[in-house]
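The values are calculated or read from the model by the stated rules, or taken from the named source; none is laboratory data. The shown structure was predicted, so the numbers you read here are calculated from the model rather than taken from an experiment. All Cβ positions, even for glycine, are placed from backbone atoms using ideal geometry, and neighbour counts span all protein chains on display.
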């Protein structure tokens, strides 16, 4: 079987089934009192340099990892950054990239550099949290909330742009104090809601007309991914927008004005990756 047939989620499930990974069901791992997460960005898959500046790419490298810390209610301590690049890469561009990382306010504490045939960035974010909700605690009766508008990344990509992801660290700490489960919206609303539903053993129902849309965004942009807002299951919505609920059952049900609606999301290794996410095909 090929990875394109198994898919990312299938691969992760198989690794778990064989005992080759442990406790990977949440946005970040808890190791010795630290909250730890890691993401990689690959040129031609996650970004293209004709659609993003070096400085914005640096911000993005940090932000996609800090989003996982936000979903864990963590305060960031630092980043470990690995850079792989061709030898003919302009030094000024690399310096601007690290300046973009620095703009997040989280220091780079180490990492590695290596030659590569295309630009590859990998960052590990370290943080501490008083309470990590994880993905597995949602329960029937919970309200689903989001921390901000969605669809901005999809709308921007249609205009040949890549946006700087937001940092929702403060909101993450606020929600982590009482949320039953929380995840960042990186692979598309339906896909990430599915992660929460599967790990929590409940059914997630989302009314798409209640989802706050970013300016210029359409409903289908909600499947694009890379919005990096937080989706949380809570007893009460508080100041955040309520978009659905958790009920008995399994899976995800999306409706628009009372009618079933389908959203696609990002799937690594799938043969058709052009539908749904902000990752950039070459």
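Taken over the stretch 15-50, the criterion of being assigned to a loop (DSSP other than H, G, I, E, B), farther than 17 Å from residue 199 by Cα and either free of Cβ contacts under 8 Å to residues at least 60 places away in the same chain or in contact with a helix residue (DSSP H, G or I) (Cβ under 9 Å, 6 or more places away or on another chain) (or both) is satisfied by 18, 19, 20, 32, 46, 49, 50. Taking the stretch 67-91 as the range and being surrounded by fewer than 19 Cβ atoms within 10 Å (Cβ to Cβ) and either touching a residue at least 60 places away in the same chain (Cβ under 8 Å) or in contact with a helix residue (DSSP H, G or I) (Cβ under 8 Å, 6 or more places away or on another chain) (or both) as the test, only 75 passes. Only one of the numbered conditions (1) surrounded by fewer than 24 Cβ atoms within 10 Å (Cβ to Cβ); (2) out of contact with any helix residue (DSSP H, G or I) (no Cβ under 6 Å at 6 or more places or on another chain); (3) not in a helix (DSSP H, G or I) is not met by residue 233, and that is (1). Scanning for something more than 28 Å from residue 29 (Cβ to Cβ), assigned to a loop (DSSP other than H, G, I, E, B), in contact (Cβ under 8 Å) with a residue 24 or more places away in the chain and over 15 Å from the mean Cα position of the chain (by Cα), does the stretch 100-112 turn up at least one residue? Scanning the stretch 100-112, I find no residue that is more than 28 Å from residue 29 (Cβ to Cβ), assigned to a loop (DSSP other than H, G, I, E, B), in contact (Cβ under 8 Å) with a residue 24 or more places away in the chain and over 15 Å from the mean Cα position of the chain (by Cα), so the answer is no.
Counting the residues of the stretch 92-106 that are surrounded by 14 or more Cβ atoms within 10 Å (Cβ to Cβ) and under 25 Å from residue 170 (Cα atoms) gives 8. The set of residues in the stretch 190-207 being out of contact with any helix residue (DSSP H, G or I) (no Cβ under 9 Å at 6 or more places or on another chain), within 12 Å of residue 245 (Cα to Cα) and surrounded by fewer than 20 Cβ atoms within 10 Å (Cβ to Cβ) consists of 205, 207. Scanning the stretch 51-73 for residues that are at pLDDT 95 or above and over 15 Å from the mean Cα position of the chain (by Cα) returns 52, 53, 54, 55, 56, 57, 58. Here residue 177 qualifies as outside the structural domain of residue 53 (by TED's automatic domain parsing) and closer than 24 Å to residue 75 by Cα. When restricted to residues that are in a loop (DSSP other than H, G, I, E, B) and surrounded by fewer than 17 Cβ atoms within 10 Å (Cβ to Cβ), the stretch 208-218 contains 4.
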